[in-house]
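Everything on this sheet refers to the single structure shown next.
The values are calculated or read from the model by the stated rules, or taken from the named source; none is laboratory data. What you see is a predicted model, and the numbers here were worked out from it, not measured in a lab. Every residue, glycine as well, gets a Cβ built from its backbone with ideal geometry; the counts of neighbours run over all protein chains shown.
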Amino acid sequence: MLGYGFMGKAHAHAYRTLSYMTWPPPLVPRLVSIGGRAEEAVSDAATRYGFERYAVDWHELAADPDVQLFDNSGPNGIHAGPTIAAAEAGKHVVCEKPLGRTADESYEMWRRVAAAGVKHMTAFNYRFVPAVRLAREMIEAGDLGDIFHFRGRYLQQWLVDPAFPRAWRLDREQSGSGALGDLGAHVIDLARYLVGEVASVFGETRTFIPDRPGGSVDVDDAFGATLQFDAGAFGVIEASRFATGRKNSLTWEINGSKGSLAFDLERLNELQVNLSGSEPGRRAQGFRTVLVTAPDHPFAEHWWPDGHVLGWEHTFVHELHHLLAAMADDTDVGPHGATFEDGYRAAEVCDAIIRAGESGQREGVTYRSLTG
């Protein structure tokens, strides 16, 4: 694993947990080595998380003959080089989102890793929320009919204080973009996963505090965009790190000809459902809350009796279990796992939103294949 901070902790927790909770796991993870630049901190992380050893040079991880899966949980600026090197050394790879800092970088990662012939996954963990998977199953079954609308937003507050110092997430060279790539990429991926491919966008980005302790900010603090999907649905999405009072608020709603679904990450065990004809009278019509913990609901086989809810950390258990199963059985990571192609396509939408903000016009989204 490369990276020992927030995401490194989440991924390490998932590997340890799936080893005994998803019994028998498709593969039993052996935590070989963890990498990071600060030796004292990464040494401590290796001890806490249960890795056998640590490295301060990612090249050691990528070349280590004991490593079969390379997990890149580091900052955006070190996604491409280490991940490509590990794949070309024959290791399966999972990389945190956004895949690359730009669509071009993401495409190059997809191209090089696909050519290496290994399994690859972009870590869009919200695909593995039970309520999200149930929504996908309902949409595929035609329960919502023709899809008209997708509305999604991701709101946080952690940058409101102007005294917050300039960190790597506020540096375009290291991060690629701000709220767009950090939060918006999740919304875009869910839109693609649930509704389909995005054809064009109109959008705007905004930086509210351009100067902070430590330097100037050259990424967006917030963005808003409208989407046109290939199948004709209309989308509205936004993300902000300046939404006072919002800690980690990811919500979406889908409206179709036969009904609607709505989801709120802060109530991640629930799916709001309204289906035409599902209520006996007009006064009783409206959304009902489905607690997605029943034995026949997605991922329930790994966990607790009905009604005993799951948490945010369990999404990583489901995600990495899925990748290990693909490795063990030589099956496809997609469509439920986000491949590097999915990571690249989300990046194309992000880049199109930036272009639209600069041009003031609707921008088409063009996707490249591996042949050009």
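Set side by side, the residues G145, G90 differ, and just one is at positive phi and not assigned by TED's automatic domain parsing to the domain that holds W304, which is G90. Looking at G184 and the list (1) closer than 24 Å to G337 by Cβ; (2) in a loop (DSSP other than H, G, I, E, B), which single condition is not satisfied? Result: G184 fails condition (2) only.
Within the range 304-313, at least one residue is small (G, A, S) and assigned to a loop (DSSP other than H, G, I, E, B). Considering V118, V132, V160, V113, the condition of being within 24 Å of H321 (Cα to Cα), outside any helix (DSSP H, G or I) and at pLDDT 95 or above is satisfied by V118 alone.
Of all residues in the range 5-64, those that are assigned to a loop (DSSP other than H, G, I, E, B), out of contact with any strand residue (DSSP E or B) (no Cβ under 6 Å at 6 or more places or on another chain) and not charged (D, E, K, R) total 15.
When F242, F150 are checked against the criterion of being buried (at least 24 other Cβ atoms within 10 Å of the Cβ) and in contact with a strand residue (DSSP E or B) (Cβ under 9 Å, 6 or more places away or on another chain), F150 stands alone in meeting it. Annotation note: Cβ proximity below 6 Å between a residue of the range 294-311 that is in contact (Cβ under 8 Å) with a residue 24 or more places away in the chain and on the phi > 0 side of the Ramachandran plot and a residue that is of a type outside the set (A, V, I, L, M, F, W, C) and surrounded by 10 or more Cβ atoms within 10 Å (Cβ to Cβ) (sequence gap 6+ or interchain) occurs for F299/P130; F299/H318. Please work out if R112 is buried (at least 18 other Cβ atoms within 10 Å of the Cβ), closer than 26 Å to D351 by Cβ and basic (K, R). Criteria not met by R112.
Does at least one position in the range 156-174 carry a residue that is aromatic (F, W, Y), touching a residue at least 40 places away in the same chain (Cβ under 8 Å) and loosely packed, with under 15 Cβ neighbours inside 10 Å?
Looking through the range 156-174, at least one residue is aromatic (F, W, Y), touching a residue at least 40 places away in the same chain (Cβ under 8 Å) and loosely packed, with under 15 Cβ neighbours inside 10 Å.
Is it the case that A131 is farther than 14 Å from G343 by Cβ, surrounded by 16 or more Cβ atoms within 10 Å (Cβ to Cβ) and of a type in the set (G, A, S)? Yes; evaluated as a whole, the condition is true for this residue. Flag: I209 does not match the condition of being in contact with a helix residue (DSSP H, G or I) (Cβ under 7 Å, 6 or more places away or on another chain), assigned by TED's automatic domain parsing to the domain that holds L144 and at pLDDT 95 or above.
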